Structure formats: C-alpha cells, structure tokens
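Visitor: One structure follows; several queries about it will come next.
Derivation of every value follows stated rules applied to the coordinates shown; laboratory data play no part. Small disclaimer: the values here were computed from a predicted structure and weren't measured. A quick note on method: Cβ atoms are made from the backbone with ideal geometry, for glycine too, and the neighbour counts reach across all protein chains shown.
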2 protein chains.
Amino acid sequence: MKQKRYFLADNELPTQWYNIQADMKNKPQPMLSPKTKKPITVDELSQLISREAASQELNFSDAWIDIPEPVLEMYRYYRSTPLVRAYGLEEALGTPAHIYFKNESVSPVGSHKLNSALPQAYYCKKEGATNITTETGAGQWGCALSYASKVFGLECAVYQVKISYNQKPYRRSVMQVFGAQVTPSPSMSTRAGKDILTLYPNHQGSLGTAISEAVELALTTPNCKYALGSVMSHVSLHQTIIGLEAEKQMEKAGEYPDIVIGCFGGGSNFSGISFPFMRHNILDGKKTRFIAAEPESCPKLTRGKFCYDYGDESAYTPLMPMFSLGHNFRPANIHAGGLRYHGAGVVVSQLYKDGLMEAADVSQLQSFEAGLLFSKAEGIIPAPESCHAIAVAVEEAKRCKETGESKVILFNLSGHGLVDMAAYDQYLSGSLTNYTVSPEEIEKNVGNL
Amino acid sequence: MKQKRYFLADNELPTQWYNIQADMKNKPQPMLSPKTKKPITVDELSQLISREAASQELNFSDAWIDIPEPVLEMYRYYRSTPLVRAYGLEEALGTPAHIYFKNESVSPVGSHKLNSALPQAYYCKKEGATNITTETGAGQWGCALSYASKVFGLECAVYQVKISYNQKPYRRSVMQVFGAQVTPSPSMSTRAGKDILTLYPNHQGSLGTAISEAVELALTTPNCKYALGSVMSHVSLHQTIIGLEAEKQMEKAGEYPDIVIGCFGGGSNFSGISFPFMRHNILDGKKTRFIAAEPESCPKLTRGKFCYDYGDESAYTPLMPMFSLGHNFRPANIHAGGLRYHGAGVVVSQLYKDGLMEAADVSQLQSFEAGLLFSKAEGIIPAPESCHAIAVAVEEAKRCKETGESKVILFNLSGHGLVDMAAYDQYLSGSLTNYTVSPEEIEKNVGNL
C-alpha cells in the first residue's frame with residue numbers, strides 16, 4: 001500500500017520554532033534605524049511591532065524559541081499540515097525522483113500565512129494593543145491577519161495593493177468576513193499614499209507602498225501595532241513550523257530531501273520549509289540544496305544588488321542589508337501578487353550571499369504551465385505564487401529523468417489558487433504574457449543605493 | 001491539552017461503504033422505467049450509468065460493499081478528512097453542547113463530492129467508457145467529476161446551471177483547468193435544452209434541466225456514460241465514507257452524537273454523514289436524531305409531496321418514489337446552488353416517511369448569518385450549502401444553552417465557500433434577500449403528480 005500523506009499526532013507537533021540566526025556562522029549585518037542610521041534596538045523596533053517580535057528579530061543567540069501556549073492551541077486547529085508524496089506528478093513526469101510537497105493550502109485561510117499571523121496578533125494583544133495594521137498583496141497575508149486578529153480580539157486594518165484588490169476581489173471579501181477594514185493602496189488616507197498618488201495618479205500599488213501606508217497608520221495611531229507578513233526574521237522564525245513538521249514527516253516516510261524548494265517573495269514560506277533542514281547543512285554536514293523560486297519579473301535574488309535598502313516605498317522602515325531591486329522598483333502586474341516585492345529578507349540575503357542556498361527565476365507562463373500540470377496530476381489548484389516552486393520542482397524532476405537519479409525533492413505548496421481562477425482563465429485562453437526586466441531598469445533603481 | 005482534530009491512520013480507513021438499503025425495514029418502493037413504467041432493472045439502468053453503479057443502486061441485500069482498490073488509493077490522498085471539535089463556535093455561542101464537524105472542505109476540490117466522483121469515473125472507465133457527462137449546480141460536483149475523469153483517463157462534459165455558471169465563474173475555470181468541457185444549461189446543444197429555451201428564452205437553468213441535457217448527451221453518444229452527483233442511492237452509498245470515518249473519529253474523541261446534521265439538496269452529503277450512525281438506530285436501538293437542513297426556497301422535505309416523479313425537467317430519468325416539489329419546479333436563485341433541486345433521493349424519502357429522520361428549513365439570510373458566525377469562530381468560510389447545516393447546528397446548540405444540556409452535535413461541513421465570496425459580499429452589504437414559496441406555487445407543481 002503506497003502511503004500518500006504523512007501527519008503528526010498532536011503530541012508530536014513541534015512546540016518551539018527554530019531560529020537560524022543563532023546557528024549562522026556569518027550573522028546578518030545589523031538593520032539600521034531610518035532616523036539615526038545606527039543599528040536598530042529592540043526599543044526602537046518595538047515602537048512599530050510588538051516587543052516580543054522585536055526581540056525575536058534581534059535574537060542571535062537562542063536557536064530554539066518557545067511557541068506560546070495560546071498560539072499552539074490555535075496551531076492544533078490546522079496543524080500538522082499533510083506532507084504529501086506526489087505520486088501523480090511523478091507519474092505525469094515519468095521521473096525517478098521522489099517528489100513530496102508540504103500542503104499549507106489546507107490551513108483555514110488557504111495558505112501558510114496564518115503561522116505567523118497568530119503569534120504576531122497574540123503578542124500585540126498581550127502587550128496591550130487594541131489595533132493592528134498591515135499590508136497585503138494577493139491577500140493571503142491580509143486574510144490570515146484578519147482571522148488571527150478576530151481570534152485574539154484586535155481590530156484589524158489592511159492596506160491591499162490596488163492591483164490585487166481589483167484582480168482578486170474575493171480575498172477582500174474574506175478579510176471583510178473576518179471583520180477587517182480593507183483599503184486599496186495607494187490611498188488618500190495616509191500621507192505616504194497621498195504623496196505617491198500625487199506623483200503617479202494611476203499607481204496600481206506595490207507591497208512597498210502598502211507597507212508605507214500601514215506603517216504610517218501604526219505610528220500615528222494609539223495602541224496600534226504594525227505586523228508584517230514576510231521579509232523580517234521573526235516572520236521566518238514563525239514559519240519554521242512548516243519545515244520542523246516536514247522533517248519529522250519525512251522521517252516517517254523514511255527519506256531525507258536532496259532538494260528543498262519554496263517560492264520567494266520576501267522569504268517567509270521559503271525560510272519556513274528550508275531553515276530546519278538547512279540547520280543540518282550548517283551543523284551536521286548535510287548537502288541538501290535549497291532553491292528560492294522567484295518570478296522573472298521581480299528577480300531580487302538572481303539579479304538584484306546586495307545593499308542597505310528600505311523595506312517600503314516611502315522609506316519609513318529600518319534600513320536592511322538585503323538583495324534588492326530598489327525600494328522604488330515597480331514590479332509588473334503578475335498574478336503572483338505575493339511575490340511582487342523588491343527585497344529579500346535580511347537572513348535569506350546573508351545565506352544567499354554565503355552560498356548556503358540558490359535562487360532560480362521562473363516566467364509567468366512557465367509558472368502557470370507547472371500549476372496546470374500539478375492541478376491535473378494532484379487535483380489541487382495551486383496559488384500563482386506556489387506555481388513558481390512547482391515549476392522549479394518540475395525542472396529538477398526532469399533533470400532526474402535525464403540522469404536516472406532518484407533524488408528526493410521537497411517543495412512547499414504555500415497556498416491554493418481557488419481565489420485566483422481569473423489568472424488560470426487567462427492562461428487557458430492564451431492571453432497571459434511574460435514580463436521581463438531590462439538591465440537598465442534594474443540599474444536605474446539600484447544604481448544609487 | 002484540548003484535542004481539536006481527529007484523524008484516522010491509513011490502516012484505519014474504511015475499506016467498505018455502508019449500504020443502508022440492506023438494513024431498512026421498509027425498503028424503498030421501486031424506481032420505474034420512464035418507458036415501460038415498470039420497475040427498472042439493472043440492465044435498463046446501465047444503459048445510462050455504469051453497470052456497477054446500477055447494481056449498487058438496486059442492491060437491497062448487501063449491507064457492506066467493497067471499495068475498489070484504485071478508488072481507495074485515491075481516497076488516501078485526502079482521507080481521512082479531519083473531525084474537528086468546534087471549540088471556537090461553542091465559545092461564541094456560550095453553549096454547553098459539544099459541537100463537532102466533519103471537514104470535507106479539505107478535499108482537493110473543496111467538497112465531499114469527490115467521494116462519489118472517483119468510484120463513478122472508475123467504474124465507467126473499467127467498463128469501457130471513454131466519455132462521461134454530468135450536470136452541476138454551484139459547480140462542486142462538476143469540479144469533482146472533472147478531476148476524477150482526469151485521474152482515470154476519461155473525457156468529461158459538464159452542463160452547468162446557467163445562473164451558477166454566471167454567478168460562480170471560478171468553478172467553471174476549475175473544471176476547465178481539469179480539462180473538462182463546460183456548457184451553460186439550458187443550451188442549444190441538446191433537444192431538451194432547445195425545447196426549454198424555446199418555451200422560456202431567459203431560463204436561468206436548474207439542476208433538473210441540466211440533468212436532462214447530460215442524460216440526453218449520454219444516451220446519444222457512443223461509449224459515453226452519465227454520472228449523477230446526488231439523489232441516487234449509489235451516490236449516497238459512496239458518501240457513507242464520511243460517516244464511517246466520523247464514527248471511528250468520534251470514538252477517538254470518546255463521544256457519540258445525539259444529533260447529526262447535513263445540508264440537503266438531493267441528499268448525498270446528508271446521507272453520507274448520517275447513514276452509518278442511523279444504522280445503530282435501526283439495529284442497536286440508539287436514539288440519535290438526524291436533521292436534513294434544506295433551504296426555505298426549495299423545501300422538498302418539509303413541504304413537498306411524496307409521489308412518483310422524474311429526476312429531471314424533461315422526464316428522461318426513471319420515475320422515483322420521492323418527496324418532490326415537482327420536476328418542473330423552478331427554484332429561486334439562491335446562492336446555495338447545490339440545494340436548488342426539486343426532489344429528495346429515494347432512500348432518504350423512505351426514511352423520512354418512516355420517521356427515521358427529520359428536516360428543517362433555513363432561510364437564505366439565516367444561513368449566511370450562521371456562516372459568518374462560523375467563519376469568525378473557526379476561521380473557515382463555509383460553502384453557502386454548508387451554511388444551512390451550520391444554521392441548524394447553531395439552533396440546536398442554542399436550545400442546549402436554554403436547557404443546560406451538553407448534547408453532542410455533529411454536522412457535515414460539506415465544502416468551503418472560497419469560490420462563493422460574491423454571496424458573502426451581498427450578505428455583508430445588506431443586499432441579500434430571502435425567498436419563500438407560496439402554498440399555491442407548490443400545489444401548482446405537485447398537484448397533478
């Protein structure tokens with residue numbers, strides 16, 4: 001009997017997150033305060049986000065951080081998520097590779113984002129906040145934070161990138177069902193939004209812009225904290241629950257991955273599936289490959305510059321040492337809204353610089369081609385973001401077919417695409433296109449960073 | 001530690017379906033051939049559907065039917081589905097009741113429908129069919145059969161009720177991603193469709209009409225079989241996998257349900273969750289209550305007539321002894337498209353007549369009110385159909401609050417509503433309305449049956 005899915009019992013669920021910063025030989029360079037340009041402190045950072053999240057962000061010594069019991073209790077509603085052996089995909093490809101995916105799409109809100117939304121909302125509430133605000137692209141993060149806010153009794157305001165607000169109206173509805181207030185960004189409700197709309201009246205929004213608006217709202221509203229869905233180290237920390245579970249589940253399957261793949265926007269789901277395995281590369285001499293799958297139209301790792309840059313368009317956030325396309329880079333309107341971000345997280349950037357991981361870029365058409373193949377083979381329609389990870393997994397599996405190797409490939413299915421069917425429609429009708437970025441455009445944005 | 005979810009290990013999964021027809025004291029009256037008006041035979045029925053499904057339909061002696069290994073193998077991709085203790089909902093209601101739900105929404109296509117699509121497609125393929133055709137309302141069944149056809153290598157053609165085709169374009173896209181051909185019904189591609197459009201040029205479609213079209217296509221196309229997503233006994237049989245799992249999972253939770261609830265269109269998900277428990281009422285003297293939750297606008301059980309009626313608008317199907325609103329009844333355009341069917345399955349109709357189960361009707365607004373409450377409490381957005389089951393569960397839980405009883409309530413969450421957000425939008429904006437049916441309208445349709 002071929003076993004297809006692996007779960008963990010409640011008492012096998014991880015009770016700690018893994019903090020790779022403690023084990024990194026080269027620590028990331030410090031983030032700098034946007035005001036003083038000096039290394040930022042927990043005190044400064046906690047003006048914006050919860051103190052606990054700020055402490056985690058700057059924790060370089062504790063490899064293991066306890067998951068608070070109220071968060072664990074909520075995790076038990078949907079975790080462990082299944083580790084699935086993709087027999088259907090293997091057969092469709094005729095590959096000797098063993099392909100596994102971690103199915104984060106079965107979380108209540110349809111993606112991995114809830115893993116960090118829950119602790120962030122919990123910490124804010126515990127520290128006395130009444131309101132929480134954030135940005136969202138495709139809406140996965142916004143949905144997750146809206147629900148987590150409801151769980152812990154916070155009011156939630158979300159700035160959604162305008163193009164996604166219009167492309168994916170259902171995600172807005174999901175946030176509203178959970179009681180959140182949703183504003184398309186750039187909006188006239190913040191100074192950052194007004195400034196951008198004055199310069200570019202038809203601005204379709206970007207994560208960088210929406211972050212500016214949310215940060216401004218948090219800094220100018222009493223008892224209001226900001227929460228971010230990716231990029232920052234504490235978000236990656238929370239997402240390690242994915243890889244920690246996968247590690248135990250792979251053990252049940254009697255295998256260990258040769259290649260681990262995640263799609264890449266700011267880094268949260270990639271980090272989540274990768275870091276627990278990467279720790280064995282760092283500490284135990286394992287040789288697993290880690291591949292970040294990013295869109296060709298927003299190639300911060302493969303073609304960006306390592307430099308200090310802001311996380312948002314209006315330069316409100318700390319300066320971060322990261323691979324970036326420039327905080328004024330305006331990504332094309334691809335359907336993978338969650339990957340339309342100019343920079344890579346601080347930790348991932350350092351790991352990439354140190355050669356501990358790789359990156360690959362995927363065109364929009366290639367991503368949907370892979371998504372369609374996966375849908376037919378496995379019956380699950382992947383989010384446009386997740387299609388990028390699948391595309392790289394398919395490439396690696398095809399390579400195994402050529403060489404005859406039975407490599408073990410693990411990728412993260414970060415979310416489902418049921419709210420993104422308009423994108424599949426366009427792909428099926430042949431009206432979807434690729435977007436490339438010229439070297440000149442990249443240089444224009446990163447040249448003076 | 002409060003356990004929230006209960007799963008079964010692969011070796012605990014049921015390997016047989018439960019056929020309640022064998023245990024019923026009063027067997028259902030025979031279905032009649034539409035041509036001869038005599039009890040239909042397996043030979044006659046298998047001109048339309050697979051022979052194996054036809055045999056199951058008329059099997060009144062075997063209480064247990066083996067699930068074929070290739071179907072079991074596919075079940076293992078998504079089954080067992082979780083049994084969830086709804087602590088969040090209990091808390092929101094302040095009820096002493098213990099509320100559980102079986103979460104069928106985590107199936108690859110988002111609903112319970114795959115449980116019957118897989119065996120039906122498998123049987124058709126095994127018996128030499130190359131094509132399969134069906135109707136679909138909201139699209140849950142169409143998505144499931146499209147995927148199951150892909151799995152077993154059949155071409156699939158789906159007639160989708162026109163109002164749903166327009167209301168829920170994403171479901172059409174899902175079917176197309178799985179390679180199915182989707183036609184809005186009534187269409188000009190069949191005689192049945194043409195006849196209806198000639199009489200009513202703006203006909204928005206109904207399940208009864210779409211069935212006529214699919215049946216006509218199957219009967220006039222070589223190597224093409226028809227598959228139905230509800231109503232018939234073999235569909236209910238396949239869906240008993242839900243209740244059989246739930247029974248074992250409830251045992252793990254150390255409880256047994258006092259009340260079992262399912263929403264009710266033709267009966268498949270209600271039967272699936274109920275029959276395995278009902279067997280203990282029939283055989284072991286248990287006193288569990290079973291409640292079918294139907295929409296106020298399509299009240300076949302609470303206000304229909306028990307009579308012989310056709311399953312489709314054009315009277316192509318066998319005559320079935322059932323509670324019906326008349327096969328020409330045109331249900332209002334409620335968002336719970338899967339419940340817009342005029343009749344109840346043969347087995348359920350007999351059980352209801354014999355007092356082994358109850359029925360309750362739910363208004364559209366009440367259903368969405370319950371759905372919203374559930375979304376906020378549990379983080380899962382239920383399908384409009386499933387909202388009806390939730391509404392009845394909420395009512396029963398509130399009754400427990402009044403009486404102080406800790407009853408154990410189990411309902412089936414038949415699917416998620418992520419592709420139905422337009423309906424939630426309307427509810428939130430206050431533009432959704434109720435639809436009632438006048439006694440005259442019912443009498444007009446069932447009067448001369």
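Visitor: Over the Cα atoms of the protein assembly as shown, what radius of gyration and what Dmax do you get, in Å?
Guide: In Å, with Rg to one decimal and Dmax whole: 27.3, 90.
Visitor: So if I place +1 on the C-beta of Lys and Arg and -1 on the C-beta of Asp and Glu, and nothing else carries charge, what would the dipole magnitude of the protein assembly as shown be about its Cα centre? I want it in debye, nearest 20.
Guide: 280
Visitor: Right, something else. Report the charge-dipole magnitude of region A:362-449 in Debye, nearest 20, computed about the Cα centre from +1 at each Lys and Arg Cβ and -1 at each Asp and Glu Cβ.
Guide: Dipole about the Cα centre, nearest 20: 260 debye.
Visitor: List the residues, sorted by chain then number, that are 5 or more residues from residue B:362 or on another chain and whose placed amide H is less than 5 Å from its amide H.
Guide: B:294, B:296
Visitor: Further question on the same structure: Put a point 7 Å out from Cα along the line to Cβ at residue B:200; what are the distances to that point in the other copies, in nm, shortest first?
Guide: Going from nearest to farthest copy, the values are 5.1 nm.
Visitor: Here's a follow-up. As a test of the definition: which semi-axes, in Å, follow for region A:62-192 when you take the square root of five times each eigenvalue of its alpha carbon gyration tensor? Largest first, please.
Guide: Semi-axes (√(5λ), whole Å): 31, 22, 12.
Visitor: A follow-up question, please. How would B:5, A:399 line up from fewest to most surrounding beta-carbon atoms within 10 angstrom? Provide the component values of the computation, followed by the final result.
Guide: Values: B:5 19, A:399 15.
Lowest to highest Cβ neighbour count: A:399, B:5.
Visitor: Another question, if that's okay. Sort shortest first the distances from residue B:22 to its counterpart in every other copy, using label points 7 Å along the Cα-to-beta-carbon line, and give them in nm.
Guide: When each copy's label point is compared with this one, the spacings are 5.7 nm.
Visitor: First select every other residue whose beta carbon is under 11 angstrom from the beta carbon of residue A:14; then total the charges, Lys and Arg +1, Asp and Glu -1.
Guide: -2
Visitor: Ranking B:195, A:10, A:43 by Cβ neighbours within 10 Å, fewest first, what do you get?
Guide: Ordered by Cβ neighbours within 10 Å, fewest first: A:43, B:195, A:10.
Visitor: How big is the gap, in Å, between the Cα center of region A:275-346 and the Cα center of region A:415-449?
Guide: Cα centroid of region A:275-346 versus Cα centroid of region A:415-449: 16 Å apart.
Visitor: Provide the three semi-axes, in whole Å and in decreasing order, of the ellipsoid equivalent to region B:24-80 as defined by the square roots of 5 times the Cα gyration tensor eigenvalues.
Guide: Ellipsoid half-lengths, sorted descending, are 28, 16, 8 Å.
Visitor: Right, something else. Give the cross-link partners of residue B:225 among the lysines, using a straight C-alpha distance below 24 Å as the criterion and excluding same-chain residues fewer than 8 apart.
Guide: Of all the lysines, those that pass the test against residue B:225 - Cα under 24 Å, at least 8 places apart if same chain - are A:376, B:35, B:37, B:38, B:113, B:125, B:126, B:150, B:162, B:194.
Visitor: Picking from B:397, A:423, A:36, whose Cα lies most toward the positive end of the charge dipole for the protein assembly as shown (charges on Cβ: Lys, Arg +1; Asp, Glu -1)?
Guide: In the protein assembly as shown, that residue is A:423.
Visitor: Which order do the peptides B:327-334, B:408-415 take when ranked by the mean count of other beta-carbon atoms within 10 Å per residue, highest first?
Guide: Order by mean packing, descending: B:408-415, B:327-334.
Visitor: To the nearest 20 debye, what charge dipole does chain B have about its Cα centre, counting +1 at the Cβ of each Lys and Arg and -1 at the Cβ of each Asp and Glu? Before the final figure, lay out the partial values.
Guide: Numbers: 42 positive and 46 negative charges, 49 e Å.
It works out to roughly 240 debye.
Visitor: Along the Cα→Cβ direction, 7 angstrom out, place labels at residue B:130 and residue B:353. What is the inter-label distance in nm?
Guide: Distance between the two pseudo-spin positions: 4.3 nm.
Visitor: Is the C-alpha gyration tensor of region A:1-98 telling us rounded, prolate or oblate? Criteria: a/c under 1.5 is rounded; beyond that, a/b larger than b/c is prolate, otherwise oblate.
Guide: Verdict is prolate for region A:1-98.
Visitor: Now a separate question. With the crude spin-label approximation of a point 7 Å out along Cα→Cβ, what separation in nm comes out for residue B:92 versus residue B:255?
Guide: For the pair residue B:92/residue B:255, the computed spacing is 1.7 nm.
Visitor: Using alpha carbon centroids, what distance separates region A:15-39 and region B:352-400, in Å?
Guide: Value for the Cα centre distance between the two parts: 49 Å.
Visitor: Using only helices, what value at 222 nm comes out for the protein assembly as shown when you add -39,500 (n - 2.57) per DSSP H run of length 4 or more and divide by the total residues, to the nearest 500 deg cm²/dmol?
Guide: My calculation for the protein assembly as shown gives -12500 deg cm²/dmol from helical runs alone.
Visitor: Say the dipole of region B:178-266 comes from +1 at the beta carbon of Lys and Arg and -1 at that of Asp and Glu; which of B:259, B:211, B:188 then lies farthest toward its positive end?
Guide: B:188
Visitor: Could you work out the mean count of beta carbons from other protein chains within 10 Å of each residue's beta carbon in A:274-284?
Guide: So the per-residue partner count for this stretch is 0.
Visitor: Other chains' Cβ within 10 Å of A:414-421 residues: what's the mean?
Guide: 4
Visitor: Based on the Cβ-Cβ distance of residue B:200 and residue B:62, what FRET efficiency does E = 1/(1 + (r/R0)^6) give at R0 = 60 Å, to the nearest 0.05?
Guide: Numbers: r = 44 Å, r/R0 = 0.73.
About 0.85, to the nearest 0.05.
Visitor: Quick one: label points 7 angstrom along Cα→Cβ at residue A:256, distances to the other copies in nm, smallest first?
Guide: Counterpart label points of residue A:256 in the remaining copies fall at 4.9 nm.
Visitor: Name the shape class, rounded, prolate or oblate, that the alpha-carbon gyration tensor gives for chain A, where a ≥ b ≥ c are the square roots of its eigenvalues, rounded holds for a/c under 1.5, and otherwise prolate holds if a/b is larger than b/c and oblate otherwise. Mind showing how you got there, number by number?
Guide: Numbers: a/c = 1.40, a/b = 1.24, b/c = 1.13.
Because its axes are fairly even, with a/c under 1.5, chain A counts as rounded.
Visitor: While we're on this one: In the protein assembly as shown, what % of DSSP beta bridges are antiparallel (nearest 5)?
Guide: If I count the DSSP bridges inside the protein assembly as shown, around 35 percent turn out antiparallel.
Visitor: Give me the mean projected area, in nm² to one decimal, of the convex hull enclosing the Cα positions of region B:155-302.
Guide: If you wrap the Cα atoms of region B:155-302 in a convex hull and average its projections, you get 11.7 nm².
Visitor: Quick one: among B:395, B:369, B:69, which has the greatest mean-square fluctuation in a GNM of chain B with alpha-carbon springs under 10 angstrom?
Guide: In this elastic network of chain B, the residue with the biggest mean-square fluctuation among B:395, B:369, B:69 is B:69.
Visitor: Please list, or write none, the aspartates and glutamates whose alpha carbon is within less than 14 Å of the alpha carbon of residue A:398, excluding same-chain residues fewer than 8 places away.
Guide: A:90, A:91
Visitor: Could you tell me what percent of the DSSP beta bridges with both partners in chain A are antiparallel, to the nearest 5?
Guide: On the way: 19 of 52 bridges.
So the antiparallel bridges in chain A amount to around 35 percent.
Visitor: Would you order B:263, A:156, A:124, B:143 from fewest to most other beta-carbon atoms within 10 Å of each residue's own beta-carbon? It would help to have the intermediate numbers written out before the result.
Guide: On the way: B:263 31, A:156 24, A:124 27, B:143 34.
Listed from fewest to most nearby Cβ atoms, that is A:156, A:124, B:263, B:143.
Visitor: Hey, another quick one. Using alpha-carbon pairs under 8 Å, 6+ residues apart, how would you state the relative contact order of region B:1-120 in percent?
Guide: With pairs under 8 Å counted, the relative contact order is 29 percent.
Visitor: Compute the projected area of the convex hull of the Cα atoms of region B:289-423, averaged over all viewing directions, and report it in nm² to one decimal place.
Guide: Hull-based average projected area comes out at 8.9 nm².
Visitor: Where is the GNM fluctuation largest for chain A (alpha-carbon springs, 10 angstrom cutoff): A:431, A:233, A:33?
Guide: Between A:431, A:233, A:33, it is A:431 that shows the largest mean-square fluctuation.
Visitor: Right, next: Take the Cα of residue A:281, step 7 Å along the line toward its Cβ, and report every residue of region A:325-366 whose backbone nitrogen sits under 13 Å from that point.
Guide: A:348-360
Visitor: By a straight-distance test (C-alpha under 17 Å), which lysines pair with residue A:444 as possible cross-link partners, with residues fewer than eight away in the same chain excluded?
Guide: Counting by Cα, and skipping residues close in sequence, residue A:444 has these lysines nearby: A:300, A:305.
Visitor: Taking the Cα centre of each part, how many Å lie between region B:99-113 and region A:85-148?
Guide: About 19 Å separates the Cα centre of region B:99-113 from the one of region A:85-148.
Visitor: Net charge near residue A:125: determine it from the other residues with C-beta under 15 Å of the C-beta of residue A:125, scoring Lys and Arg +1 and Asp and Glu -1.
Guide: Numbers: positive: A:51, A:126, A:150, A:225; negative: A:52, A:69, A:73, A:127, A:155.
My count for the surroundings of residue A:125 gives -1.
Visitor: Count, for each residue of A:370-381, the Cβ atoms from other chains sitting within 10 Å of its Cβ, then give me the mean as a whole number.
Guide: 5
Visitor: Related question: In percent, how large is the relative contact order of region B:336-449, given Cα pairs closer than 8 Å and 6 or more residues apart?
Guide: 26
Visitor: Once you have a ≥ b ≥ c as the square roots of the Cα gyration tensor eigenvalues for region A:1-57, tell me rounded if a/c is under 1.5, and otherwise prolate or oblate according to whether a/b is larger than b/c.
Guide: It comes out prolate by the Cα gyration axes.
Visitor: Next up: Just going by the charge dipole of the protein assembly as shown, with Lys and Arg at +1 and Asp and Glu at -1 on Cβ, which of A:98, A:314, A:136 is farthest out on the positive end?
Guide: The listed residue farthest towards the positive side: A:314.
Visitor: In addition: Relative contact order for chain B using alpha-carbon pairs under 8 Å, separation at least 6, rounded to a whole percent?
Guide: Working: 1030 pairs, mean separation 86.3, N = 449.
Normalised by residue count, the contact order of chain B is 19 percent.
Visitor: Lys and Arg at +1, Asp and Glu at -1: add these up for the other residues within a Cβ distance under 12 Å of residue B:212 and post the number.
Guide: Net charge in that neighbourhood comes out at -4.
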